[in-house]
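First comes the structure, then the notes that go with it.
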Amino acid sequence: MNESTPGKPRVKELMKKLTQDYYGDAARAHNEDRFVAYTTAVSPVELFVAHDVIPIYPENHSVMCITKRMTTRLSTAIEKKGYTTHLCAYARSDLGYRELGESPIGGLPDPDFLLACNAQCFTLTKWFEVLSRRYGAPLFVFDTPQYIRNKKARRNIIRYVEAEIYELITALENLTGKKFDYDRLREVLIYSRDACRLYKEFLDLAAHKPSPVNIFDALIHMAIIVYLRGTPQAVQYYQGLVDEIRREKVAQGIGVIPNERFRLYWENLPVWFKFREHANLLASYGAVILTSLYVHSWSYDFDVSDPIRTLAENYTSVFSNVELEERAERALDLFQRYDLNGNIMFLNRSCKAVTFGEHELREILTQRTGIPVLLFESDMGDPRFYSEVQVKTRLEAYFETLERLNV
């Protein structure tokens with residue numbers, strides 16, 4: 001049965017509408033005397049939402065450009081300006097768009113303010129510095145020292161980040177000429193908390209056998225938790241998504257692929273321009289990638305009783321900003337909860353922050369799980385650095401290995 005509940009749109013339709021409304025609001029913002037802020041996917045965006053500033057994510061726009069196979073042209077344009085091919089494909093796609101004006105959605109509004117969080121990587125900070133100079137807009141760098149296990153160090157880190165949040169609030173007040181509303185922030189955090197819990201519930205549906213969702217589903221539906229976090233629309237969306245999958249797949253034992261045999265972990269970001277091809281290729285082996293630390297990055301757990309502290313704790317401790325041992329423990333938890341029996345690790349030339357330490361991570365995961373690893377090199381966004389033959393050959397050899405091990 002594939003009928004949606006009477007009177008309710010299917011989540012695919014709802015995603016389209018929410019996305020159109022979001023970018024439509026951003027496009028009209030300056031005509032309506034509203035402010036636009038460019039920010040990074042990991043950042044305390046609840047502060048913007050509470051202050052009626054529209055957040056725009058250049059990373060999301062870059063993913064759209066990549067999936068539309070625009071990256072080579074955009075990158076070439078910015079490389080002619082002296083930017084190296086070793087720079088992140090997200091940054092090259094975005095900066096190339098600024099040069100050519102080519103966009104799958106008609107472009108982005110100019111920023112009034114920029115916020116770069118370095119919990120993901122340092123490239124974002126330099127990229128946003130370029131944009132800040134280009135548009136003459138102020139840039140706030142949200143600095144997040146590595147979140148380490150030592151309790152005293154963690155306390156000091158949290159105090160430091162809390163102080164930054166108060167500085168950011170003051171900067172927003174100065175930008176807009178409006179006093180910040182802390183009661184409104186608590187309300188926004190409730191929406192974020194509820195949406196993040198529902199988003200995690202959606203991700204955890206992959207624990208079912210057969211799994212009704214795969215990582216490609218997670219990556220598609222991840223968009224809403226990034227750019228509508230802190231809104232009632234996000235809560236509505238993920239509640240509908242969870243209900244729909246439970247009703248139409250889980251209740252009927254329907255898996256995302258027939259004859260599921262291999263349940264895989266994926267390390268790193270996806271190869272965005274090979275999205276559908278990778279899903280179909282893996283399915284031909286009876287394999288399905290179920291999860292990664294990347295898609296769980298937005299499974300925040302906010303304590304609304306202490307808004308500033310909970311923002312500091314959550315946005316400092318994403319997987320790319322913790323010690324290797326903690327990152328490994330988070331991955332191992334996914335192996336156990338989802339009963340995984342395969343592991344693909346992607347050495348991503350674009351995303352050096354996530355790729356750093358991956359060889360050591362492979363050793364830890366292999367030693368602790370006994371599961372062999374497929375390791376391959378490529379780029380998440382630039383097809384000039386992708387080898388079709390290499391990937392297919394290694395996948396074939398990997399699944400032959402799993403077969404021999406009677407996985």
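The values are calculated or read from the model by the stated rules, or taken from the named source; none is laboratory data. For clarity, every value in this text was computed on a predicted model and none was experimentally measured. Note that each Cβ is placed from the backbone with ideal geometry, even for glycine, and that neighbours are counted across all protein chains shown.
Listed here are the residues, each with its yes/no results for (1) closer than 19 Å to Glu277 by Cβ; (2) out of contact with any helix residue (DSSP H, G or I) (no Cβ under 7 Å at 6 or more places or on another chain); (3) not aromatic (Phe, Trp, Tyr).
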residue	(1), (2), (3)
Ile344	yes, yes, yes
Cys351	no, yes, yes
His359	no, yes, yes
Gln367	no, yes, yes
Leu375	no, no, yes
Glu388	yes, yes, yes
Give segment 233-263 a look and list any residue that's of a type in the set (Phe, Trp, Tyr) and more than 16 Å from Thr19 (Cβ to Cβ), or say none. Phe262
Filtered residues of segment 159-179 (kept if touching a strand residue (DSSP E or B) at 6+ places or on another chain (Cβ under 9 Å) and of a type in the set (A, V, I, L, M)): Val161, Ile165, Leu168, Ala171, Leu172, Leu175
Show the residue pairs that are 6+ apart or on different chains and have beta-carbon atoms under 7 Å apart, the first residue being within segment 134-145 and under 30 Å from Val322 (Cα atoms), the second being of a type in the set (Phe, Trp, Tyr) and surrounded by fewer than 16 Cβ atoms within 10 Å (Cβ to Cβ). Pro145/Tyr160
What's the number of the only condition in (1) touching a Gly at 6+ places or on another chain (Cβ under 9 Å); (2) over 15 Å from Tyr294 (Cβ atoms) that Ser350 fails to meet? (2)
Can you tell me which residues in segment 215-253 are in a helix (DSSP H, G or I) and among the basic types (Lys, Arg)? Arg246, Arg247, Lys249
Regarding segment 297-304, can at least one residue be identified that is more than 29 Å from Lys12 (Cα to Cα) and either assigned to a loop (DSSP other than H, G, I, E, B) or in contact with a helix residue (DSSP H, G or I) (Cβ under 9 Å, 6 or more places away or on another chain) (or both)? yes
Taking segment 1-25 on its own, how many of its residues are over 20 Å from Ser192 (Cβ atoms) and either modelled with pLDDT of 95 or more or out of contact with any Ser or Thr (no Cβ under 8 Å at 6 or more places or on another chain) (or both)? 16
If we keep only residues of segment 276-321 that are surrounded by 20 or more Cβ atoms within 10 Å (Cβ to Cβ) and β-branched (Val, Ile, Thr), then the residue nearest to Arg184 (Cα to Cα) is Thr310
Report yes if Ile254 is at pLDDT 95 or above, within 30 Å of Cys88 (Cβ to Cβ) and out of contact with any Gly (no Cβ under 9 Å at 6 or more places or on another chain), otherwise no. no
